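What follows is one structure encoded as structure tokens, with my remarks underneath.
Taken together, the values in this text are just the output of simple stated rules run on the coordinates, not laboratory data. What you see is a predicted model; the values in this text were computed from it and never measured. Neighbour counts are summed over all protein chains in view; Cβ atoms, including those assigned to glycine, are modelled from backbone coordinates with ideal geometry.
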Amino acid sequence: MSENNSNIQELETKIAELRKSLNELEGNLEKAREGEQHEAINHLEDYINEVDTKFSSFQIFWKTLLEDLRK
Amino acid sequence: MTTSTSTASPPLENDSENSGNSILNWILVAFLVYLLLVAVSMIGSGFKAAAGDQAKELFAFANNPFTGLVIGTIATALIQSSSTVTSIIVGLVAGGLPVTIAIPMIMGANIGTSVTNTLVSLGHVRDGNEFKRAFASATIHDFFNLLSVVIFLPIEIMFHPLEKMAGWMSSGLVGGQSMSMKGLNFIKPLTKPVINTVENSLNIVFSEKLAAITVIILGIVLIFVVITFIGKLLKKLMVGKAKDVLHKAIGRGPITGITVGAVITILVQSSSTTTSLIVPLAGAGLFTLAQVYPFTLGANIGTCITALLAATAVSGEYSGFALQIALVHLIYNVLGVIVIYSIPILRSIPPKCAELLATAAVKNKLYALAYISGVFFIIPGMLIFISNLLGI
């Protein structure tokens, strides 16, 4: 009975440790993602004129669509 | 020593040159805003002169709200600027177009404007995953605006809540429609001399009616040109501020996302700029659909500032109505966000539809083409046909 109890405690401790590590990893992942977002925002000049690409974007799409249809 | 002086001076020269350019650009923005006000007044004045008391009869074909919705949608999809269309609508209301007819047009402008970032997203078609993310991040805006119309247009047709709320607010702001804004409006003395000069010059060449129609056309062209140039200048001037605002929003919740979307749209005076800049970032997987969603809703709210600005140009008997239609635009977009985004079941509809469509479009690009031509051109046409058939 006491051996079983200690097994349960051991498993609980392991789960708590894993959960802590997982939380840390998730926190690190979130920070890494946010870092990438900040980096992208630093280059906002490259994206702010994206609205002017609507016609060229449609041309790219149209060309690709026609290529697909020919296949 | 000499070297350090010579290397230090070019940046200083560049700084002063940049600040000089910036001041010039701001003066140009102020002048363009003035031209926008002149253009809106021109439409109002021209429409009043051309239609007289017949404004309502002239727009009788748009008595059917679906016709108004379709006019707003197609006009905005073709011009690619909701600010231009809403400013023109404000000008027409200033000339006597009834607010009831103009409301569905404003709703249509909201739908029409969402085609721009959808077209932008098509440029990512060559990479399947990138296209899926980019297309979904663009069409989430479309589905939100469509859902908003599906909810609010029937309610507006039956009970007119937007018209009533905006009417009540504009009465509060200008002291009632019967009361003239003359005492409050300082714009009129600035714009009237230009408009009078244009009208008088045209009256020499054309008949009164033709001159009035020419004034309307000139006003529409001027609005389009001015809004295009303001957008270009503000993008240059405000990109730094936009970066600051975006940096502060990272890691925060949807309310911040909505606020940031609205602020950036106000800074650059174009919802299409705001909703399009996020497309490549979403396509690259840097921003998730859940992060893009509130940002695009903010753009819907931020874009209302142009119509409000346009309404300040209006004076005379219809000035209260011009402000009312601008407020309808604002209330409609704010209510749309509050109602749809705060009710989980409604909130989940646009992202689900956007993801479904994006998945289908990756498998077969014809779905994307069918969607764009269907939603922005074919279905609007069918709506008019069906509603006329049912006699609505």
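At a glance:
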{"item": "Extension gain, residue B:217 back to residue B:19 (0.36 nm per residue minus Cα-Cα distance, nm)", "result": "67.6 nm"}
{"item": "Residue B:129-residue A:45 FRET efficiency (beta carbon distance; Förster radius 22 Å; 0.05 resolution)", "result": "0.30"}
{"item": "Signed unit charges on C-beta, dipole axis of the protein assembly as shown, positive-most listed residue B:387, A:32, B:303", "result": "B:387"}
{"item": "Kyte-Doolittle mean at least 1.0 and Cα axial length at least 27 Å: DSSP H helices in chain B", "result": "B:208-249, B:319-342"}
{"item": "Average beta-carbon neighbours from other chains, 10 Å sphere, peptide B:238-244", "result": "3"}
{"item": "Residue-averaged beta-carbon neighbours from other chains (10 angstrom radius) around B:275-288", "result": "4"}
{"item": "Most to least packed among B:121-130, A:61-70 [average Cβ atoms within 10 Å]", "result": "B:121-130, A:61-70"}
{"item": "Cβ-placed point charges (K, R +1; D, E -1), dipole of chain B about Cα centre in debye, nearest 20", "result": "520 debye"}
{"item": "For the protein assembly as shown: Kirkwood Rh in Å [reciprocal of mean 1/r, alpha carbons]", "result": "24.2 Å"}
{"item": "Longest DSSP-loop-exposure-free segment, chymotrypsin sites (Phe, Trp or Tyr not before Pro), chain B, at most 14 other Cβ within 10 Å", "result": "B:207-392"}
{"item": "Backbone N under 15 Å from the residue B:58 label point (7 Å along Cα→Cβ), restricted to segment B:284-326", "result": "B:318"}
{"item": "Angle in degrees between helix A:54-70 and the longest Cα principal axis of chain A, rounded to the nearest 10", "result": "90 degrees"}
{"item": "Simple spin-label estimate for residue A:62 and residue B:229 in nanometres, 7 Å along Cα-Cβ", "result": "3.0 nm"}
{"item": "Square roots of five times the Cα gyration tensor eigenvalues for segment B:215-345, Å", "result": "29, 19, 11"}
{"item": "Residue B:349-residue B:26 FRET efficiency (beta carbon distance; Förster radius 35 Å; 0.05 resolution)", "result": "0.25"}
{"item": "Averaged over B:298-305, number of beta-carbon atoms from partner chains that fall within 10 Å", "result": "0"}
{"item": "Angle between chain A longest axis and helix A:2-42 axis [Cα atoms, degrees, rounded to 10]", "result": "20 degrees"}
{"item": "Net length gained if the chain between residue B:155 and residue B:203 were fully extended (0.36 nm per residue, minus Cα distance)", "result": "12.8 nm"}
